[in-house]
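The values are calculated or read from the model by the stated rules, or taken from the named source; none is laboratory data. None of these values were measured; they are calculated from a predicted model. No Cβ is skipped: glycine too gets one built from the backbone with ideal geometry, and neighbour counts run over all protein chains shown.
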Amino acid sequence: MKIHFRFTRVLAIVAILILIGGYSNTNASSAKVKKKLINLTNQSQNTSGKTKKFIIAKLIPQITNSVIVSAVKAQNSKRVTLAEIKKIDQEWKDAEEELEIHNQMLTGKCADEVRNLVGKLVAVGETFVTDNQGANVCQNELTGDYWQGDEAKWKNSFNGGKGGIDIGVEKLDRSSNMVLQQVSLPVVDKDGKVIGAITYGVMTHRL
């Protein structure tokens, strides 16, 4: 009985150590991506020190937001072809009235979470999430197009699955009719894998 008890206890300890190790590795993976993004932010010549602090303190921590990660994973799993994405993109651009896809982008848990984040971050306006091909996943306001995959903000933030950052110049955003500085970051799952991207329209005058 003593031998059996000791063996069981050893197995339990080993299991706990494995779980702790896995959890630590997961944290380390996403932390590594965040550290990289912080360094890239600090190196940027496109924005002010105040905006850099905002990006580091408020935006980078959200790259692993569980609600957004789940939504991006779900869309990626559908394996929609790029040809179909471009077809939707053209329909989106040509639309003169609301489409069902518009409603889909503005509703659901992901869109609710984006609105929740924007509500807490008073310096943020238009915000949208994209998948691993640059197609919209959700947003708080309708964007001018559905596919962002041909734009620098998506290319630089997704960065071929390696993750990066894109900080645009301040300009009038026609879809929101506001002067914004777009900041684009990767969406990263619990294993540290880059699965999509998120773009924030930062109203720097509110910082």
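Going by what's in this entry, would VAL33 be described as touching an Asp or Glu at 6+ places or on another chain (Cβ under 6 Å), modelled with pLDDT of 85 or more and surrounded by 11 or more Cβ atoms within 10 Å (Cβ to Cβ)? Answer is no for this residue. Take the residues in segment 89-117 that are surrounded by 19 or more Cβ atoms within 10 Å (Cβ to Cβ) and hydrophobic (A, V, I, L, M, F, W, C), then tell me which one is farthest from GLY163 (Cα to Cα). Filtering segment 89-117 for residues that are surrounded by 19 or more Cβ atoms within 10 Å (Cβ to Cβ) and hydrophobic (A, V, I, L, M, F, W, C), the one farthest from GLY163 (Cα to Cα) comes out as TRP92.
Counting only helices (runs of 4 or more DSSP H) wholly contained in segment 76-138, the ones carrying 2 or more residues that are closer than 26 Å to LYS58 by Cβ and not basic (Lys, Arg) occupy 100-106, 109-120.
Exactly one residue out of GLY168, GLY163, GLY149 is among the small types (Gly, Ala, Ser), in contact with a Gly (Cβ under 8 Å, 6 or more places away or on another chain) and surrounded by 17 or more Cβ atoms within 10 Å (Cβ to Cβ): that is GLY149.
Residues in segment 138-147 that are in contact (Cβ under 8 Å) with a residue 40 or more places away in the chain and within 13 Å of the chain's Cα centre (by Cα): CYS138 only.
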